[in-house]
């Protein structure tokens, strides 16, 4: 079974996303948090941080520092489902959103 990070690296390759796996984030207070992945240019102003197991402290730190967050279970990569998730999160990048983001599957 692939890890959550590996699944999002597959999405990055297929959809041209900017993804960092794993992603260490240092909050404004100096505390460090490790996430399975960061999906840049979607969700929160600073991007979306992904965790496989819910952690309220990590979620709060992410939200307090401009990130969105999501707790996701591991599955396989599915292009259509991934695009739906990205549409739900919304584009937060500086440039134009990818054309596939507006397309309805």
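The values are calculated or read from the model by the stated rules, or taken from the named source; none is laboratory data. Fair warning: this is a prediction, and the values are worked out from it, not measured in the lab. With ideal geometry, Cβ positions are generated from the backbone for all residues, glycine too; neighbour counts draw on all protein chains shown.
Looking at the structure I just gave you, is residue 17 in contact with a strand residue (DSSP E or B) (Cβ under 7 Å, 6 or more places away or on another chain), within 19 Å of residue 2 (Cα to Cα), touching a residue at least 24 places away in the same chain (Cβ under 8 Å) and not in a loop (DSSP other than H, G, I, E, B)? So residue 17 does not fit the description; no.
Checking residue 63 against (1) farther than 17 Å from residue 5 by Cβ; (2) part of a helix (DSSP H, G or I); (3) out of contact with any strand residue (DSSP E or B) (no Cβ under 8 Å at 6 or more places or on another chain), only one condition comes out false. Which one? Every condition holds for residue 63 apart from (3).
Condition first: loosely packed, with under 12 Cβ neighbours inside 10 Å and either in contact with a helix residue (DSSP H, G or I) (Cβ under 7 Å, 6 or more places away or on another chain) or assigned to a helix (DSSP H, G or I) (or both). Now tell me which residues in region 77-105 satisfy that.
To start, the set of residues in region 77-105 that are loosely packed, with under 12 Cβ neighbours inside 10 Å comprises 80, 88, 94-96, 99, 102-105.
80, 88, 99, 102, 105, listed by residue number.
Filtering region 49-60 to residues that are within 15 Å of the chain's Cα centre (by Cα) and surrounded by 13 or more Cβ atoms within 10 Å (Cβ to Cβ) leaves 49, 50, 51, 52, 58, 59. Residue pairs whose Cβ atoms lie under 7 Å apart, separated by 6 or more positions or on different chains, with the first residue in region 78-101 and over 12 Å from residue 17 (Cα atoms) and the second at pLDDT below 95 and part of a helix (DSSP H, G or I), are 87/101.
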